[in-house]
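Take a look at the structure set out below.
The values are calculated or read from the model by the stated rules, or taken from the named source; none is laboratory data. All figures in this text were calculated on a predicted structure; none of them were measured in a lab. Neighbour counts run over all protein chains shown; Cβ positions are idealised from the backbone, glycine included.
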Amino acid sequence: MSAGGRGRAVFLLIVFVAVASKMFGGSRPGGVTPPNPGPSWSEDLAEDRRFERSLIFRELAAILLIGLLILVRQLLS
Amino acid sequence: VIEIVHVVLVAMVLSGATVLIVGCIQFALAGLHVLSRPYAKVAEIYPAVAVIIPAWNEAAVLDRTIDRLMELDYPREKLRVYVVDDASTDETPELLRRKTAEHPGGVFHLRRDQGGEGKAHTINHGLRTILAEPWAEAVLVTDADVIFTRTALRRMSRHLADPEVGAVTCYIKEGSRPGNFMNRFVGFEYITAQAAARRAQNVLDVQACLAGGAQLLARGALEEIGGAIDTTSLAEDTFTTFNVQLAGYRAKFDGNAVVWAEEPRTIVGLWKQRQRWSRGNFQVTLRYKHVWLRRGNQGHLGSPAFAALWFSIVFMPVFMAMATTGLVTLFFIDRPLAIESFKALWALTGFTYLFITFSSLLLDPEMARRTWFQGLMFPGLINLVLITAGLLGPILTAHFAGQLETVGFAGPGLAPNLILLAADLWLTGSMVAAWSLKKLEESGHLPWLVRPLVYLVGYGPLLCSITVAAYVQEMRGAEMRWDKTEKTGQVGEFA
């Protein structure tokens with residue numbers, strides 16, 4: 001592999017680690033007993049809608065990570 | 001003809017990745033959950049809910065479960081808890097007498113003097129009492145050990161504002177405290193089997209199973225299916241789920257409504273529970289044979305997509321055995337093709353494993369913090385070595401071909417061929433190894449060895465092995481026994 005190719009692979013790995021560490025950091029709404037008094041019904045709904053919207057980005061992040069791994073594999077082989 | 005045989009054998013090999021490929025599709029669909037507009041038809045409604053808790057010797061767990069139900073963010077006058085005591089011989093009756101006095105009009109004790117017929121009969125005893133009165137607008141079937149988060153019921157009941165919805169379930173999380181490694185495996189498994197798979201099923205507008213630990217049924221739907229649940233199988237919750245949908249209602253999963261449950265801590269405990277589930281799935285597969293792949297009045301239960309989801313799980317061990325057969329046959333008739341098929345299978349397995357693991361950790365980071373190690377180790381160390389070989393094979397071959405040949409991992413010698421044959425056999429061999437682990441734990445010898453061996457063999461192969469055992473039991477017409485999962489009451493929320 002050329003020096004340029006190796007450099008690209010290292011760069012992609014750094015991006016991969018940065019994205020992964022960012023992704024695994026978040027917290028998920030729901031599942032935790034709210035402090036008393038808890039959120040209202042409409043606050044629950046808004047929170048749940050936000051979480052469901054975020055799923056598409058979480059899946060895209062996973063696809064991106066796998067894509068990066070495939071790219072690194074191709075570059076290094 | 002030889003070419004056709006080769007194509008068939010390669011297809012058999014690649015079938016070994018079926019479960020993981022279907023898993024990837026489920027995660028992709030779960031990501032699109034918002035596009036199915038899961039909250040488009042919800043409204044702030046609080047139907048009168050009768051909670052049924054079937055209980056046989058549950059004194060260790062019931063006290064807290066009832067207290068938590070009574071503390072729900074739900075109008076007090078709209079909630080009643082009916083504990084159906086299936087002729088308990090422990091302190092359950094005394095506990096229930098105390099609880100009914102503590103919560104007059106809120107907690108009811110229904111006693112069956114002749115017990116032991118199983119959970120479904122116990123639930124039906126409660127249903128007869130509840131449906132005899134007009135009070136209940138919905139029935140929540142749950143288990144004695146399930147701890148509801150305060151907003152879980154109102155998050156579930158909002159879906160009943162849509163008259164087309166007949167049943168709702170929620171995300172059951174593993175909450176044993178202090179949990180052991182087996183609990184954490186289950187915790188991770190539930191991210192994939194519930195948080196992801198059931199969202200995917202929402203997108204397909206069909207649910208395979210609304211968990212018996214938290215199944216909210218609209219009264220109309222319940223009456224439509226005869227006001228009782230199936231008592232002839234080991235999967236009464238799946239039968240209810242199918243029957244409600246066949247009656248024309250929708251079934252929904254709400255992943256943001258969360259309850260906590262205590263799951264098995266040992267291989268033997270897991271084996272009993274999952275064998276019951278797998279036998280139940282087998283019974284469902286046969287009982288609803290008129291549904292599969294037949295569109296029409298079965299709604300989406302007859303869709304090819306649902307059949308793919310269902311049968312990928314039911315036939316999981318068959319795919320493993322097919323892959324092994326294909327690999328071993330190719331090993332003896334066409335070694336180069338066997339090597340290429342092996343590489344393709346494990347590369348495919350590797351990428352799908354990584355996608356599912358990453359997606360799971362992203363889908364529920366809260367549970368991921370507790371179970372990430374078990375998530376990574378899910379296939380077992382030996383399979384992980386094979387996955388690594390599949391993923392890094394081209395890189396190793398490109399840069400370390402000489403070294404690999406020197407240490408005997410590559411080249412034409414006997415050692416590389418033996419390694420390849422052993423690896424080919426492992427897909428099926430891992431199931432035998434998992435069964436041996438159960439036997440080891442049952443024997444009581446070397447208890448310290450069980451945990452490292454589970455990490456070595458894998459939790460996935462353990463589930464496959466249990467499915468095979470369930471097939472065998474069903475084919476032998478074994479007695480249908482409700483082997484109760486032992487509960488300690490040590491369950492709580494993890495934040």
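State which residue pairs qualify: first residue aromatic (Phe, Trp, Tyr) and inside the stretch B:119-135, second residue assigned to a loop (DSSP other than H, G, I, E, B) in any location, beta carbons under 8 Å apart, and separation of 6 or more residues or different chains.
Once the first residue is aromatic (Phe, Trp, Tyr) and sits in the stretch B:119-135, its partners that are assigned to a loop (DSSP other than H, G, I, E, B) give B:TRP135/B:ALA48.
Any idea which of B:LEU348, B:LEU381 is under 22 Å from A:GLN74 (Cα atoms) and surrounded by fewer than 22 Cβ atoms within 10 Å (Cβ to Cβ)? I'd like the intermediate steps shown before the answer.
Working: B:LEU381 fails: under 22 Å from A:GLN74 (Cα atoms).
So the residue among B:LEU348, B:LEU381 that is under 22 Å from A:GLN74 (Cα atoms) and surrounded by fewer than 22 Cβ atoms within 10 Å (Cβ to Cβ) is B:LEU348.
Any idea which of A:ARG53, A:ARG73 is in a helix (DSSP H, G or I), within 10 Å of chain B (Cβ to nearest Cβ) and either modelled with pLDDT under 60 or in contact with a Pro (Cβ under 9 Å, 6 or more places away or on another chain) (or both)?
A:ARG73
Kindly list, by first and then second residue, each pair from a residue in the stretch B:64-79 that is of a type in the set (Phe, Trp, Tyr) to a residue that is at pLDDT 95 or above, limited to pairs with Cβ atoms under 7 Å and residues at least 6 apart or on different chains.
These pairs meet every condition: B:TYR74/B:TYR46; B:TYR74/B:LEU153; B:TYR74/B:ARG154.
Contact list please: Cβ distance under 8 Å, first residue in the stretch B:31-44 and on the phi < 0 side of the Ramachandran plot and within 8 Å of chain A (Cβ to nearest Cβ), second residue aromatic (Phe, Trp, Tyr) and in a helix (DSSP H, G or I), pairs at least six apart or on different chains.
These pairs meet every condition: B:GLU44/A:TRP41.
Which of the residues belonging to the stretch B:19-49 are among the polar types (S, T, N, Q) and surrounded by fewer than 21 Cβ atoms within 10 Å (Cβ to Cβ)? Talk me through it step by step, then tell me what you get.
Taking the stretch B:19-49 as the starting set, the residues that turn out to be among the polar types (S, T, N, Q) are B:26, B:36.
Of everything in the stretch B:19-49, just one residue is among the polar types (S, T, N, Q) and surrounded by fewer than 21 Cβ atoms within 10 Å (Cβ to Cβ), namely B:SER36.
Take the residues in the stretch B:268-306 that are in a helix (DSSP H, G or I) and small (Gly, Ala, Ser); name whichever of them is farthest from the chain's Cα centre (by Cα). Break it down into steps so the answer makes sense when it comes.
Residues of the stretch B:268-306 in a helix (DSSP H, G or I): B:268-287, B:299-302, B:304-306.
Keeping just the survivors that are small (Gly, Ala, Ser) gives B:269, B:278, B:280, B:299, B:302, B:305.
Details: B:GLY269: 15, B:SER278: 10, B:GLY280: 12, B:GLY299: 23, B:GLY302: 21, B:ALA305: 19 Å.
Here the residue is B:GLY299.
Does B:GLU77 satisfy the condition of being at pLDDT 95 or above, within 14 Å of chain A (Cβ to nearest Cβ) and not in a strand (DSSP E or B)?
On the way: at pLDDT 95 or above: yes; within 14 Å of chain A (Cβ to nearest Cβ): no; not in a strand (DSSP E or B): yes.
So B:GLU77 fails the test.
Is it true that B:LEU62 is farther than 30 Å from B:GLU91 by Cα and either among the charged types (D, E, K, R) or out of contact with any Phe, Trp or Tyr (no Cβ under 9 Å at 6 or more places or on another chain) (or both)?
On the way: farther than 30 Å from B:GLU91 by Cα: no; either among the charged types (D, E, K, R) or out of contact with any Phe, Trp or Tyr (no Cβ under 9 Å at 6 or more places or on another chain) (or both): yes.
When the stated conditions are applied, B:LEU62 does not pass them.
What pairs come out if I take residues in the stretch B:246-266 that are within 14 Å of chain A (Cβ to nearest Cβ) and pair them with residues that are crowded, with 23+ Cβ neighbours inside 10 Å and among the aromatic types (Phe, Trp, Tyr) whose C-beta lies under 7 Å away, six or more apart or interchain?
Short answer, once both residue conditions are applied: B:GLY255/B:TYR171; B:ALA257/B:TYR171; B:VAL258/B:TYR171; B:VAL259/B:PHE148.
Only one of these is crowded, with 17+ Cβ neighbours inside 10 Å, under 31 Å from the mean Cα position of the chain (by Cα) and modelled with pLDDT of 95 or more: B:HIS103, B:HIS125. Name it. Even if it seems obvious, please write down each step before you answer.
Numbers: B:HIS103 fails: under 31 Å from the mean Cα position of the chain (by Cα).
Result of the check over B:HIS103, B:HIS125: B:HIS125.
Give the stretch B:128-165 a look and list any residue that's within 12 Å of another protein chain (Cβ to nearest Cβ) and hydroxyl-bearing (Ser, Thr, Tyr), or say none.
Of everything in the stretch B:128-165, those that are within 12 Å of another protein chain (Cβ to nearest Cβ) and hydroxyl-bearing (Ser, Thr, Tyr) turn out to be B:THR149, B:THR151, B:SER157.
Only one of B:ALA321, B:ALA247, B:ALA305 is within 24 Å of B:LEU29 (Cβ to Cβ), among the small types (Gly, Ala, Ser) and surrounded by fewer than 21 Cβ atoms within 10 Å (Cβ to Cβ); which? So that I can check it myself, show each step before the final result.
Working: B:ALA321 fails: within 24 Å of B:LEU29 (Cβ to Cβ); B:ALA247 fails: within 24 Å of B:LEU29 (Cβ to Cβ).
So the residue among B:ALA321, B:ALA247, B:ALA305 that is within 24 Å of B:LEU29 (Cβ to Cβ), among the small types (Gly, Ala, Ser) and surrounded by fewer than 21 Cβ atoms within 10 Å (Cβ to Cβ) is B:ALA305.
For the stretch B:427-459, name all the residues that are part of a helix (DSSP H, G or I) and more than 24 Å from the chain's Cα centre (by Cα).
Applying the first criterion (part of a helix (DSSP H, G or I)) to the stretch B:427-459 yields B:427-443, B:447-457, B:459.
B:LEU440, B:SER443, B:PRO447, B:TRP448, B:LEU449 - these are the residues of the stretch B:427-459 that are part of a helix (DSSP H, G or I) and more than 24 Å from the chain's Cα centre (by Cα).
For the stretch B:80-95, enumerate the residues that are touching a helix residue (DSSP H, G or I) at 6+ places or on another chain (Cβ under 7 Å), under 12 Å from B:ASN57 (Cβ atoms) and either of a type in the set (A, V, I, L, M, F, W, C) or not in a helix (DSSP H, G or I) (or both). Full working, then the answer.
Step one: list which residues in the stretch B:80-95 are touching a helix residue (DSSP H, G or I) at 6+ places or on another chain (Cβ under 7 Å), which gives B:81-86, B:90-92, B:95.
Among the residues that remain, those that are also under 12 Å from B:ASN57 (Cβ atoms) are: B:85-86, B:90-92, B:95.
Those that are touching a helix residue (DSSP H, G or I) at 6+ places or on another chain (Cβ under 7 Å), under 12 Å from B:ASN57 (Cβ atoms) and either of a type in the set (A, V, I, L, M, F, W, C) or not in a helix (DSSP H, G or I) (or both): B:ASP85, B:ASP86, B:ASP90, B:GLU91, B:LEU95.
Restricting to the stretch B:9-65, what's the tally of residues that are hydroxyl-bearing (Ser, Thr, Tyr) and over 20 Å from B:PHE253 (Cα atoms)?
Start the filter on the stretch B:9-65 by keeping residues that are hydroxyl-bearing (Ser, Thr, Tyr), which leaves B:15, B:18, B:36, B:39, B:46, B:65.
The next check asks that each one be over 20 Å from B:PHE253 (Cα atoms); those that pass are B:15, B:18, B:65.
Residues meeting the conditions: 3.
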